[in-house]
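Take a look at the structure below.
The values are calculated or read from the model by the stated rules, or taken from the named source; none is laboratory data. Since this is a predicted model, take the numbers as computed values, not measurements. Cβ coordinates were reconstructed from backbone atoms using ideal geometry, including for glycine residues, and neighbour counts include every protein chain displayed. Calculation scope for accessible area: heavy atoms of the full protein, side chains included, ligands and nucleic acids excluded. Shrake-Rupley method; radii C 1.70, N 1.55, O 1.52, S 1.80 Å.
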Amino acid sequence: MMFTCTTSGCTDLAHGHGFTAVRKGAAAAARARKRSVSTKLVRDKKGRSLRVDIHCHYLNRDAAAKLAHLNPAQYEPSVKFASALTREVNVKQMQDRAAKLSTIEVRLKDMDRMGIDIQAVSPAPQQTYYWTEPGLGAEVSRMVNDRLAEIVAKWPDRFVGLGTVPLQNVELAVIELERCVKELGLRGVEINPNVAGKELTDPGLNLDRFFAKARELDIVIFMHPIGFTQGDRLMDHYLNNVIGNPLDTTVGASHLIFGGVMERHPGLKIVLPHAGGFLGHYWARMDHAWRARPDCRTVIKKPPTSYLKKFFFDTITFDPEMLRNLIDKFGAAQVLLGTDYPFDMGEEDPVGLINSVPRLPSAEKERIMGGNAARLLKIRR
């Protein structure tokens, strides 16, 4: 995936649509929604289990326009660590896919073509804007979240929302998280694996307060990268996405494990995109390190994979055998259909990929295609 919508080469995406923030309608819907959810598969009117996409993005043009004068690209690893050719390709992609990113009617047609019933739609990951001054970050987060709530209110059978919070200030992040859930009815938030280069376990950020509130509210955290923050060696060949995105997820999740976040906050529902980065497929090395070295046991009391198994993973592996291995290691209950819509590094045929996994029982296919996500996101029909 690439995120260069605020660069000078594609300023057409910064044009606003005059979207109005949703207020009373979303709040009423959130109050009316029951917190409990059945563990049974959620099915449509024809009895087919719903297919839910956990990994898809929406670009808020108003928010991009509001910050365009600050040149956001200078803070984005996916832009900073990119060759001239990569930037050129990215601009072309953004021009080609602008309607898919921000026009719901186009999105709905694509969802139907791909066999997706519901998207858990989240912001374009660079729209976390952690580099902004906290007050401005909170203001832009509200803009992004209000628009997502408006989309859900207009198309409640097709979307649930995952918002954003200003993690650069934990007090403001907690306030916005509560508003997202209690007032707007969003089902969780998207975060990046770092906060403008600081690890999520950085003591100065004090994000344990955020994770505690997320656990209390029982919401989904979707942790999506925006390229690796030290990407000097990854500039050519689009490597800061090809390698950098899964690497950043790997580093961020490792800090959550070794830094004790998963131990201190059991029950956190954190989804790792791109099939968990490299950590989901080379997990044994960290267990070996934990056994072999005392400096790997300064915080956590159990082997690292005992915490890794608590994460959830999307299906974006591009290979049925690789997806089979992920399911074998972590269990079908931890794996969710994902597309990375609408970017070119996404999965165009997620249903076909899951159906092609060898030796996968139909009951497990149904859970992966939508049952697991419906349970996590409290989707009822």
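Would you mind stating whether Asp236 is open to solvent by less than 60 Å² (accessible area, probe 1.4 Å) and not small (Gly, Ala, Ser)?
So Asp236 fails the test.
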Worksheet item: Counting only residues that are part of a helix (DSSP H, G or I) and not basic (Lys, Arg), which one in region 207-228 is most open to solvent (accessible area, probe 1.4 Å)?
Response: Glu216
Worksheet entry | All positions within region 64-91 that are among the aliphatic types (A, V, I, L, M), in contact (Cβ under 8 Å) with a residue 60 or more places away in the chain and in a helix (DSSP H, G or I) | Ala64, Leu67, Ala68, Leu70, Ala73, Val79, Val89, Val91
Response to the item:
Note on region 196-216: residues closer than 15 Å to Tyr130 by Cα and in contact with a His (Cβ under 7 Å, 6 or more places away or on another chain) are Glu199, Leu200
Discussion item. Between Ser78, Ser102, which is at pLDDT 95 or above, in contact with a helix residue (DSSP H, G or I) (Cβ under 8 Å, 6 or more places away or on another chain) and among the hydroxyl-bearing types (Ser, Thr, Tyr)?
Written reply: Ser102
Worksheet, complete the sentence: Among residues of region 92-132 being of a type in the set (Lys, Arg) and free of Cβ contacts under 8 Å to residues at least 40 places away in the same chain, the residue least open to solvent (accessible area, probe 1.4 Å) is Lys92
Practice prompt. Name the residue, out of Pro358, Pro350, that is surrounded by fewer than 19 Cβ atoms within 10 Å (Cβ to Cβ) and within 16 Å of Leu326 (Cβ to Cβ).
Written response: Pro358
Item to complete: Return the only residue of Arg285, Arg297 being surrounded by fewer than 20 Cβ atoms within 10 Å (Cβ to Cβ) and over 22 Å from Arg324 (Cα atoms).
Response: Arg297
Item to complete: Find the residue count for region 255-268, including only residues that are buried (at least 19 other Cβ atoms within 10 Å of the Cβ) and in a helix (DSSP H, G or I).
Response: 5
Worksheet item: So which residues in region 324-348 are closer than 21 Å to His224 by Cβ and not hydrophobic (A, V, I, L, M, F, W, C)?
Response: Gln334, Gly338, Thr339, Asp340, Tyr341, Pro342, Asp344, Gly346, Glu347, Glu348
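Taking region 58-83, which residues are farther than 18 Å from Gln230 by Cα and either open to solvent by less than 10 Å² (accessible area, probe 1.4 Å) or not basic (Lys, Arg) (or both)?
Of all residues in region 58-83, those farther than 18 Å from Gln230 by Cα come to 58-71.
Tyr58, Leu59, Asn60, Asp62, Ala63, Ala64, Ala65, Leu67, Ala68, His69, Leu70, Asn71, listed by residue number.
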Practice prompt. Give the residues of region 329-356 that are farther than 15 Å from Leu279 by Cα and charged (D, E, K, R), sorted by residue number.
Written response: Asp340, Asp344, Glu347, Glu348, Asp349
